[in-house]
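Chemist: Below is the structure I would like to discuss, written out as structure tokens.
The values are calculated or read from the model by the stated rules, or taken from the named source; none is laboratory data. These figures come from a predicted structure and were not determined experimentally. Here Cβ is always computed from backbone atoms with ideal geometry, including for glycine, and neighbour counts include all displayed protein chains. Areas reflect the complete protein model, heavy atoms only, side chains present, ligands, DNA and RNA absent. Shrake-Rupley method; radii C 1.70, N 1.55, O 1.52, S 1.80 Å.
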Amino acid sequence: MASYSTNEFKGGLKIMLDGDPHTIVENEFVKPGKGQAFNRTRVRNLKTGRVVEKTFKSGDSVEAADVVDTDMQYLYSDGEFWHFMDPSSYEQLAAGKAAVGEADVWLKEQDMCEVTLWNGEPLSITPPNFVELKITETDPGLRGDTATGGTKPAHMETGAVVKVPLFIEEGELIKIDTRTGEYVSRVK
Amino acid sequence: MSRGATTDPNIESFRVLPASPSGQADTASHFLHTSPEFAMKRLLCAGAGDIYQVCSVFRSGEAGVSHNPEFQMLEWYRLGMTTLQLMGDIEGLLADCISALQVEFPEYSFDHTGFFRIRYYDLLHELTGFSRNSLSTDAIRQFLQERGIDCPLDGSESLDTWLDFLMSLVVMPQLPSRRFTFVYDYPATQASLANIYESADGPVADRFELFFGQTELANGFFELTDGIEQEQRFISDINIRKRQNQASVPYDRHLIEALKSGLPECSGVAIGVDRLHQVFSGRSSLVDVLNFPVGRA
């Protein structure tokens, strides 16, 4: 079984704690000039997203979590599962709601996503940083109003609701930053 | 380089080997010093008098926000001084550094709330409620559990390891920022190379540490002059290393010989120069003041 020593600790390292995969968010080496050294860390539970403080005795080993990030193409959802495909091997896998979480409103068929696998099973889905989505419903546009800076809600083809400038029309394609859920620009 | 290494189980030396084995003479490995203490004490035994040194020292495995495996140390010894007098010496040096910086850079200002001295057990009592007699691994474990503080220790460790945890992760983070705090009279079991003396409430190590805010800057001793006791402490360290499956290291026999020939009564202190630089320049990380920290060395 692979393991990491505390001196390999760094942000992003994936380790097993209490049976769940975690990622190290912060790692601080704490040591008095004379005395026992410790690694004080903050770790995120990759299943629940919860961040907790965890302290290790320096030199101790921790089991590595078999967690890998892979780029996969989103194919479709059957209502219960979201299906992804590895574009090089054409291998497919299905992710449930627990793994997809809030990402479902940014998933557009054919887009490439980051699928995080734990022991080969999907653990979480990260949509592309920017997606281009079509507006299916919004109030009529105020043509030429590019100055007032006002916004209105717009419904996307995937179900997401995004605040857009007043001049944007129904049926238009817009670019959105999925990390903030904010409108970026029109797509011509 | 030295044939002897530090035996302290919490400090790991670098072992130096030639890149390619050449002549016969250098087949035995040497170690990089983790502080200049052993060599300087040999000079003191030879009658050098008050001495100081600024040099690079090396500690394997120590890297982080406040640590780098190679760092600069200022170490000095004063014959006939007690640790309390030596603390005054340090205060004088730091005050001089601050004024010198102000002369050099007229717009430089360094806010600090002065110097403060507190005994180890008093500090522990003030910030955790533990009295010296109430300390045990079980009591510390319960204290941490009640406060929801995650602790990696399982009970097989010594009380000193539990105290290290309590001091490093509970007590030190509560030290007032911008204050120079001397913590002195350490537990006798953490004497290292310091003399142990009988205080009003039991034996303590005549040792101190200096912090600025939460940053440890210096460690000082009223030096143990008894070569036989020092040798026993080295051997006891080596036995602890064996039990903990750590690298076996030879102790410095030259130092023991020198101590047996006679070390004058003296106090000595080592200051981390890069840490001092960090504090005086108001940086939050040691890496900010190093030209080439280990990751880019």
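Chemist: Could you give the accessible area per residue of chain B, probe 1.4 Å, as a whole number in Å²?
Modeler: Solvent-accessible surface per residue comes out at 48 Å².
Chemist: Also: Skipping prolines and chain starts, which residues have an amide H placed within reach, meaning under 5 Å, of the one on B:I196, given they are 5 or more residues away or on another chain?
Modeler: Amide H to amide H, under 5 Å and 5 or more residues apart or across chains, B:I196 pairs with B:D206.
Chemist: Towards the positive end of the charge dipole of chain B, with charges on Cβ (+1 Lys, Arg; -1 Asp, Glu), say which of B:V287, B:L159, B:V273 has the farthest Cα.
Modeler: Of the candidates, B:V287 comes out farthest on the positive side.
Chemist: Which aspartates and glutamates have a Cα lying under 20 Å from the Cα of A:K152, excluding residues fewer than 8 positions away in the same chain?
Modeler: Result set, ordered by chain and number: A:E132, A:E137, A:D139, A:E169, A:E170, A:E172, A:D177, A:E182.
Chemist: So if R0 is 60 Å, what FRET efficiency would B:A48 and A:A2 give, r being the distance between their Cβ atoms, rounded to the nearest 0.05?
Modeler: Step by step, r from the Cβ atoms, then E = 0.70.
Chemist: Can you give the charge dipole size of the protein assembly as shown about its Cα centre, rounded to the nearest 20 debye, using +1 on the beta carbon of Lys and Arg and -1 on the beta carbon of Asp and Glu?
Modeler: 760
Chemist: Show the residues, 5+ positions off or on another chain, whose built amide H is closer than 5 Å to the amide H of A:K34.
Modeler: none
Chemist: Checking the a/c ratio against 1.5 first, then a/b against b/c, what shape does the Cα gyration tensor give for region A:29-83?
Modeler: Because a/c hits 1.5 or more and a/b exceeds b/c, region A:29-83 counts as prolate.
Chemist: Calculate the mean, over all residues of peptide A:35-43, of how many other protein chain Cβ atoms lie within 10 angstrom of the residue's Cβ.
Modeler: 6
Chemist: Another question about this same structure. Classify region B:1-85: rounded, prolate or oblate, from the alpha-carbon gyration tensor (a ≥ b ≥ c, eigenvalue square roots; a/c under 1.5 rounded; otherwise prolate if a/b is larger than b/c)?
Modeler: Since a/c reaches 1.5 but b/c is at least a/b, the shape of region B:1-85 is classed as oblate.
Chemist: Strictly over 23 Å apart at the Cα level, which of A:K14/A:K175; A:K57/B:K242; A:K14/A:K47; A:K14/A:K57 would you flag in this model?
Modeler: Over 23 Å apart, Cα to Cα: A:K14/A:K175.
Chemist: Each residue of region A:104-110 in turn: what ³J(HN,Hα) in whole Hz from Karplus with 6.51, -1.76, 1.60 and θ = phi - 60°, glycine and Pro shown as x?
Modeler: Here the 3J(HN,Hα) series is 4, 6, 9, 8, 10, 3, 5 Hz.
Chemist: Could you rank A:Y183, A:Y90, B:Y77 by how accessible they are, 1.4 Å probe, largest area first?
Modeler: A:Y90, A:Y183, B:Y77
Chemist: Please report, in debye to the nearest 20, how large the charge dipole of region B:152-269 is about its Cα centre when each Lys and Arg carries +1 at its beta carbon and each Asp and Glu carries -1 there.
Modeler: 360
Chemist: Continuing with this model, one more query. Please give the charge dipole size of region A:58-160, origin at the Cα centre, charges +1 on K and R Cβ atoms and -1 on D and E Cβ atoms. Round to the nearest 20 debye.
Modeler: 560
Chemist: Here's a follow-up. For B:E126 and B:N291 in the same chain, what is the full-extension length gain: residue separation times 0.36 nm, less their Cα-Cα distance, in nm?
Modeler: Between B:E126 and B:N291, full extension yields an extra 55.5 nm.
Chemist: Further question: Add -39500 (n - 2.57) for each DSSP H run of 4 or more in the protein assembly as shown, then divide by its residues: what number comes out at 222 nm, to the nearest 500 deg cm²/dmol?
Modeler: So the helix-based figure for the protein assembly as shown works out to -6000 deg cm²/dmol.
Chemist: With a Förster radius of 41 Å, plug the Cβ-Cβ distance of B:N239 and A:D86 into 1/(1 + (r/R0)^6) and report the FRET value to the nearest 0.05.
Modeler: Result of the calculation: an efficiency of 0.15.
Chemist: Separate question: In chain B, with Lys and Arg counted as +1 and Asp and Glu as -1 at Cβ, which of these residues, B:H254, B:T82, B:T113, has the Cα nearest the positive end of the dipole, that is, farthest along it?
Modeler: Result: B:H254, furthest along the dipole toward the positive end.
Chemist: Could you work out how much longer the chain between A:T136 and A:E26 gets when fully extended? Use 0.36 nm per residue separation minus the Cα distance between them, nm to one decimal.
Modeler: 35.4 nm
Chemist: Something else now. Residue by residue through region B:31-42, which ³J(HN,Hα) values in whole Hz follow from phi under the Karplus form 6.51 cos²θ - 1.76 cosθ + 1.60 (θ = phi - 60°), with glycine and proline marked x?
Modeler: Couplings: 10, 7, 6, 9, 6, x, 4, 5, 5, 5, 5, 5 Hz.
Chemist: Specify the inter-centroid distance of region A:58-126 and region B:168-187, based on alpha-carbon positions, in whole Å.
Modeler: For region A:58-126 versus region B:168-187, the Cα centre distance is 47 Å.
Chemist: Considering the dipole of region B:125-215 built from charges on the beta carbon (Lys and Arg +1, Asp and Glu -1) around the Cα centre, which of B:Y186, B:T137, B:I196 is farthest to its positive end?
Modeler: B:Y186
Chemist: From the phi of every residue in region A:161-174, what ³J(HN,Hα) in whole Hz does the Karplus formula 6.51 cos²θ - 1.76 cosθ + 1.60 yield, where θ is phi - 60° and glycine or proline is x?
Modeler: Ordered by residue, 3J(HN,Hα) equals 10, 10, 7, 10, x, 4, 7, 6, 10, 4, x, 7, 9, 10 Hz.
Chemist: Return the Cα extents of region A:62-184 along principal axes one, two and three, sorted largest first, each rounded to a whole Å.
Modeler: That gives 57, 33, 24 Å along the principal axes, largest extent first.
Chemist: Next question. Return P(r) of the protein assembly as shown (all Cα-Cα pairs; 20 Å bins starting at 0; whole %; ordered from short to long distances).
Modeler: That works out to 19, 41, 25, 14, 1, in percent per bin.
Chemist: Using every pair of alpha-carbon atoms in chain B, split the distances into 10 Å bins beginning at 0 and state the percent of pairs per bin, rounded to integers.
Modeler: 6, 24, 35, 26, 8, 1, 0
Chemist: Setting aside same-chain residues fewer than 8 positions from A:K54, which aspartates and glutamates have a Cα under 12 Å from its Cα?
Modeler: A:D18, A:E26, A:E28, B:D150
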